[in-house]
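In what follows, a structure is listed as structure tokens, so that the remarks can point back to it.
The values are calculated or read from the model by the stated rules, or taken from the named source; none is laboratory data. In this text, all values refer to a predicted model and were calculated from it rather than measured experimentally. In this analysis, Cβ positions are derived from the backbone assuming ideal geometry, glycine residues included, and neighbour counts consider all displayed protein chains. The protein model used for the area step is the full one, side chains on, heavy atoms only, and it has no ligands, DNA or RNA in it. Shrake-Rupley method; radii C 1.70, N 1.55, O 1.52, S 1.80 Å.
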Amino acid sequence: MARVPIAEGVFTWPSDEPRLIGSRCAACGIVTFPTQDSCPRCASTEMAEHLLSRRGRLWAWTTQEFPPPSPPYSGPTGTAFVPYGVGYVDLAGELRVEARLTETKGLRTGKEMELELTPFRTTEDGDEVVTFAFRPVGGAGSAV
Ligand SMILES: [Zn+2]
């Protein structure tokens, strides 16, 4: 059994301190996630890889209470499905990134969040597929 990333080029792998892989426009400075070959603001093609901050502030969120349509969703369904948080985390000076959240309760606007890798599903071969998620720094319900 091995741990494998949900996709190549989304986050640094392997890594004890994972970072999301975005891109930054050399012409106007805008940051994108995921990476893009041309700038969505100025159309420049001078996009360079940019590793995003690991920490940000929770901007908005909700809870996914049922399995999303498949495809593209490939995670657990039926009784194996566990509701999860989904939100936007504001990475100061970079962008707001949409991501899975490790918690569904105890969240609030402005809460400090940190990126981590979390199990997503297990393949037929027994490999553990991991994806990225943001966890509240200090845990859910903390004052951080
Ligand atoms: Zn640009």
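Shown for the chain: the carbon plus sulfur share of the solvent-accessible area, taken with all protein chains present and a 1.4 angstrom probe, equals 49%.
Taken over the Cα atoms of the chain, the convex hull encloses 128 Å³ per residue.
Considering the chain as a Gaussian network with a 10 Å cut-off on Cα pairs, which listed residue, 70, 23, 38, attains the greatest mean-square fluctuation? Greatest mean-square fluctuation among the candidates belongs to 70.
A simple spin-label model places the labels of residue 12 and residue 27 2.9 nm from each other, with each point 7 Å out along Cα-to-Cβ.
If you take all other residues with their beta carbon under 15 Å from the beta carbon of residue 24, and give Lys and Arg +1 and Asp and Glu -1, the sum is -2.
Out of the chymotrypsin sites (Phe, Trp or Tyr not before Pro) in region 31-133, which ones are loop residues according to DSSP with at most 16 other C-beta atoms within 10 Å? Passing sites in region 31-133 are 73, 81. Overall, the chain carries a charge dipole of about 600 debye about its Cα centre when +1 sits on the Cβ of Lys and Arg and -1 on the Cβ of Asp and Glu, all other atoms neutral.
The GNM of the chain, with springs linking C-alpha atoms under 10 angstrom apart, assigns the highest mean-square fluctuation among 104, 123, 131 to 123.
Can you tell me what share of the DSSP beta bridges in the chain is antiparallel? A percent to the nearest 5 is fine. Expressed as a percentage, antiparallel bridges in the chain total about 85.
Hey, if you put +1 on the Cβ of every Lys and Arg and -1 on every Asp and Glu Cβ in the chain, which of 23, 120, 107 ends up farthest toward the positive end of that dipole? Positive-most Cα among the choices belongs to 107. In nm, give the distance between the simple-model label positions of residue 124 and residue 98, each being 7 Å from the Cα along the Cα-to-Cβ direction. The answer from the label model is 3.1 nm. For the options 79, 109, 118, a Gaussian network treatment of the chain with springs between C-alpha atoms closer than 10 Å singles out 79 as fluctuating the most. Using the 1.4 Å probe convention, the accessible area of the chain works out to 57 Å² per residue with neighbouring protein chains retained. Computed over neighbours whose Cβ is under 13 Å from that of residue 52, the net charge equals -1, Lys and Arg +1, Asp and Glu -1.
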